[in-house]
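The values are calculated or read from the model by the stated rules, or taken from the named source; none is laboratory data. Since the structure is predicted, the reported quantities are computational estimates derived from the model, not experimental observations. Don't worry about glycine lacking a Cβ; one is built from the backbone with ideal geometry, like all the others, and counts go over all protein chains shown.
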Amino acid sequence: DGQRPAKENDDVTKVSAWGVHDAQEWIGVVNGTVLSIREAPDTTLYRVLASSPASSSFENDDEGAVKDMLFDYFQLGTSLASLYEQWSREDSKRLARIAKVVPGCRILRQDPVECL
């Protein structure tokens with residue numbers, strides 16, 4: 001299982017396209033790869049459950065490829081605090097209140113089919 005350091009207001013598992021396996025584990029598909037993601041107090045754990053033939057690097061347990069895919073999918077290189085500040089400035093009445101209630105909200109780099 002891979003790990004990555006937790007970030008402030010970083011709750012990557014509250015995604016509507018993902019299903020809840022139990023109270024702490026989320027299961028979803030990213031780029032043809034079925035993943036399990038579990039939040040721990042100071043990190044996020046993940047594991048590959050299955051992958052499509054096109055995802056051969058994941059079948060070979062290429063942990064770096066999986067981390068890169070998740071980093072891109074959840075856009076973890078984008079500062080969440082900066083986005084919240086910008087959104088709050090642009091719509092202070094509504095988005096500033098939402099940001100306090102929904103910490104860790106991220107815009108995903110989803111395949112358009114996932115949005116249907």
* Please report, ordered by residue number, the helices (runs of 4 or more DSSP H) entirely within region 31-116 with at least 2 residues that are surrounded by 14 or more Cβ atoms within 10 Å (Cβ to Cβ) and modelled with pLDDT under 80. => 56-59, 95-101
* What is the residue count in region 72-101 for residues that are free of Cβ contacts under 8 Å to residues at least 60 places away in the same chain and of a type in the set (A, V, I, L, M, F, W, C)? -> 7
